[in-house]
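Presented below is the structure to which this report refers.
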Amino acid sequence: MAKQMKEKPAQPAQKPEKSRQNSAGKGKTAQKNGAQSKKQPKTQQKTQQKSAKTQKTAMQGFSDSLAGQQQKRYYNSLKNANTAKTTKRKSAGGKTRQKKPTPPLKIAFLGGLNEVGKNMTLYECEGEMLLVDCGLAFPDPEMFGVDLVIPDFTYVLENADKIKGILITHGHEDHIGGLAYLLKDLNIPVYSTRLTIGLIEGKLREHKLLDKCNLNVIKPGDKVKLGCFETEFIHVNHSIPDAVALAINTPAGTVVQTGDFKIDTTPIDGGVIDLARLSAIGEEGVLCLLSDSTNAVKPGFTESERKVGETFEVQFRKAGARRLIVATFASNIHRVQQIINVAESLGRKVALSGRSLENVVSVAAELGYINVPEGILVGIDSINRYPPEKLVLITTGSQGEPMSALYRMAFSEHRRVEIGPNDYVIISATPIPGNEKMVGKVVDELLKQGAEVVYEKMYDVHVSGHACQEELKLMMSLVKPKYFIPVHGEQKHLQKHAALAHTMGIPEGNILLADNGKEVEITAEKIRISGEVAAGMVFVDGSGVGDVGSVVLRDRKRLAEDGIIIIAATIDKETGEVISGPDVVTRGFVYVRESEQLMEESRRLCESVLADCMYERVRDFGTIRNRLRDEISRLTFSRTKRSPMVLPIIMEV
């Protein structure tokens, strides 16, 4: 992206004679001024020195305060400059010409706003589209039976012929987890860094899609041209290697999407975030910034990942002769590397528990992103061969997921690991918003088993992979966007990030809070919400995708809370007389042996309803079922104050 150079106005030609005369005149004037300067009084020199000192102090104040008045004037001048570029210009011949208006840029948010997870963004300009990320979210506790939540791809599939490709910022599940489900229906090229593509390959292999997909490996600094979009990949720090930000150059202007990032000056992999390139892009001019809001409510800077390694050294020694169990995110390769390093220094073997963890470590080791010394890893099946003081177990389940390895250990459901007083458990993660109860439940069970547990803020066993307030402000000051949209976070995160942007001098009218399903239109003159697109949640349950909706979830919730009553009866087709039944069966409602009186009362009520239907010559099964359902529901609620699901089954012979 070349810098815009200001054209210098052409100077009128001068006659040589006049030029020589002017030069001579200027020489005399300079000599005269030089003579006068020697005669300046000392008081005037002191005044000039004092003025220079005052100017130096003022400049220092500007550099110390990014949110000062100078910064605000900068953004105002930036706004005025952009406005001026859209006005009429005079050509060299003196004629006026109208600058061709830039096309609008549309950004549709299909996930990632007002939530943590399933990030997905769609850019559109001049009739062409570009996707960024395609993640998943984990189900809430009330989503009974649901395994995963992915974005609704309806709008994407409706515009399949316009989409030129998809760019992935990094390899976390909330950015790549939904990709396999999208590529089943939409075969578009995928671009990302080497480790991210390696993790995507594993997912596509599971879905038997690997041979059909177009995967492209890029490096930070590379540029990819897809239709009218030219995107540069910029290295950033995060809790997984090979994370990138995107500078998307469009006919409407440049948009910077940071992805998940932090500023770590001492990263484990040695690659510091490319602040120089971000600053250079900011100098070239940025139309809009979409920035990570996860830690916008936290002041200061995020600690370096190396801080955790130092804490591991202390905690591992504190464990003494006990077995060490460390729970962390499966994708946090830097964390796994530090655990292995400390374990090796203390002469301990390392075992991995958790399918996702094993897959990530295998891919990272194969691609050279993690160094595993020969002989240090042992299989989970062979851990009983080693004494507790010689073993470290790395496991998934830091968020209390019910099917995770740590959860099964805590509730004595793990086939290979049994928790006891000789275990020292470190949960190296902070609960994601909404997971606090599940994590607390796992911690309680581990403590009941006699283990010592280190979790949350007890020690520095975890640092975030997301930028805090000072890093977010630094990103804004480097990129210098005209417009700003906070992304990747819940409402409290987005609003706090918007407030930070305002303190950095971005006008309030240039900051926009969007939501999933909103389409944002950006021009040189304004930013606004221009419409809505289909965006929601699609539930994955087993092999079914999208076949579980709100009605099914409501039924599952009701079954879980109040149970079910099944009424079965057989009716003669000709007379309407009850041939067999009615039988009343319950599940999850009451314990039948202790509620025989209620069951008998329910059965007699069913007989009465069926007799009334026969007397009134009601033969419509729908009407009979509704009457049975209504009467039994009234009875159960009056007796128990509960509303179980009532399912009448009427057979006709």
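The accessible surface of the stretch 559-650, taken with every protein chain in place and a 1.4 Å probe, is 48 percent carbon and sulfur. Of the solvent-accessible surface of the stretch 241-297, computed with a 1.4 Å probe and all protein chains present, 52% belongs to carbon and sulfur. Here the 3J(HN,Hα) profile of the stretch 201-214, calculated from phi with Karplus coefficients 6.51, -1.76 and 1.60 at θ = phi - 60°, is 4, x, 5, 5, 5, 4, 8, 6, 10, 4, 6, 9, 9, 9 Hz, Gly and Pro shown as x. Using the empirical formula 2.2 N^0.38 Å as the baseline, the Cα radius of gyration of the stretch 423-544 reaches a ratio of 1.50.
Neighbours of Gly198 by Cβ distance under 12 Å: Lys/Arg scored +1, Asp/Glu scored -1, total 0. The heavy atoms of Lys557 present about 70 square angstrom of accessible area, all protein chains included, probe 1.4 Å.
In this simple spin-label model, placing a label point 7 Å from the Cα along the Cα-to-Cβ direction at both Thr503 and Lys526 gives a separation of 3.0 nm.
Placing dummy labels 7 Å off each Cα toward the beta-carbon, the span from Asn371 to Leu513 is 4.7 nm. Averaged per residue, the stretch 582-623 has 68 square angstrom of accessible surface, using a 1.4 angstrom probe with ligands and nucleic acids left out. Taking the inverse of the mean 1/r over every pair of distinct Cα atoms in the stretch 319-406 gives a Kirkwood hydrodynamic radius of 13.1 Å. Computed extension length for Met403-Lys208: 67.8 nm, one decimal, from 0.36 nm per residue of separation with the Cα-Cα distance subtracted. In vacuo Debye scattering of the stretch 99-166, one point per C-alpha: log10 I(q)/I(0) at q = 0.18, 0.20, 0.26 Å⁻¹? Ignoring solvent entirely, the Cα scatterers give -0.73, -0.83, -1.13.
Across all directions, the average flat footprint of the convex hull enclosing the Cα atoms of the stretch 241-368 is 10.6 nm². Amide H contacts under 5 Å for Val646: Ile565, restricted to partners 5 or more places along the chain or on a different chain, H placed in the peptide plane at 1.01 Å from N.
For Glu115, nonlocal amide neighbours, meaning residues 5 or more places apart or on other chains whose placed amide H falls under 5 Å from its own, are Gly489, Glu490.
In this calculation the C-beta distance from Glu142 to Glu358 is compared with R0 = 35 Å, giving a FRET efficiency of 0.70. Under the convention that each Lys and Arg Cβ holds +1 and each Asp and Glu Cβ holds -1, the size of the dipole of the stretch 545-653 around its Cα centre is about 520 debye.
Based on protein heavy atoms only, the stretch 305-419 ends up with 44 Å² per residue of surface accessible to a 1.4 Å probe.
Taking 8 Å as the Cα distance limit and 6 or more residues as the minimum spacing, I'd like the relative contact order of the stretch 282-389 as a percentage. Contact order relative to length: 29 percent.
Between Leu275 and Glu310, what is the FRET efficiency for a Förster distance of 30 Å, r being their Cβ-Cβ separation, to the nearest 0.05? Result of the calculation: an efficiency of 0.75. A 1.4 Å probe over all protein chains sorts Arg528, Arg556 by accessible area into Arg528, Arg556, starting with the largest. Taking all protein chains as shown and a probe of 1.4 angstrom, Lys225 keeps an accessible surface of around 130 Å². In a DSSP loop and with at most 14 other Cβ atoms within 10 Å, the trypsin sites (Lys or Arg not before Pro) in the stretch 418-471 are Lys457.
With Cα atoms as the point set, the stretch 136-283 shows a radius of gyration and Dmax of 16.3, 51 Å.
Quarter the surface of the alpha carbon convex hull of the stretch 480-579 and you get the mean projected area, 13.0 square nanometres. Per residue, the average separation of C-alpha pairs within less than 8 Å and at least 6 apart gives the stretch 543-650 a relative contact order of 33 percent. Separation of the stretch 199-220 from the stretch 392-459 is 33 Å, based on Cα centroids. The calculated FRET efficiency for the pair Asp161 and Lys437, based on their C-beta separation and a Förster distance of 35 Å, comes to about 0.15.
The stretch between Lys219 and Tyr591, if pulled fully straight at 0.36 nm per residue, gains 127.6 nm over its current Cα-Cα span. Ordering of 296-303, 412-419, 391-398 by packing is 391-398, 296-303, 412-419, highest average first (other Cβ atoms within 10 Å, averaged per residue). Listed cross-link partners Lys106/Lys162; Lys318/Lys349; Lys106/Lys526; Lys106/Lys164; Lys473/Lys496; Lys118/Lys225 are compared with a 19 Å cut-off, the Cα-Cα value being larger for Lys118/Lys225. Average accessible surface for the stretch 436-528: 40 Å² per residue, computed with a 1.4 Å probe over protein heavy atoms with every protein chain in place. Dipole orientation for the stretch 107-216: of the candidates Gly171, Val132, Val146, Gly171 has the Cα lying most toward the positive pole (charges on Cβ; Lys, Arg +1; Asp, Glu -1).
Karplus-derived 3J(HN,Hα) values for the stretch 360-368, using 6.51 cos²θ - 1.76 cosθ + 1.60 with θ = phi - 60°, are 5, 5, 5, 5, 5, 5, 5, 8, x Hz; glycine and proline are entered as x. Once the whole set of protein chains is in place, how much accessible area is left on Phe233, using a 1.4 Å probe, in Å² to the nearest 10? About 0 Å², ignoring ligands and nucleic acids. Within the accessible area of the stretch 362-475, the carbon and sulfur atoms contribute 47%, probe 1.4 Å, all protein chains present.
The values are calculated or read from the model by the stated rules, or taken from the named source; none is laboratory data. These numbers come from a predicted model, not from an experiment. Every residue, glycine as well, gets a Cβ built from its backbone with ideal geometry; the counts of neighbours run over all protein chains shown. Keep in mind that these areas ignore ligands, DNA and RNA; they rest on the heavy atoms of the full protein, side chains included. Shrake-Rupley method; radii C 1.70, N 1.55, O 1.52, S 1.80 Å.
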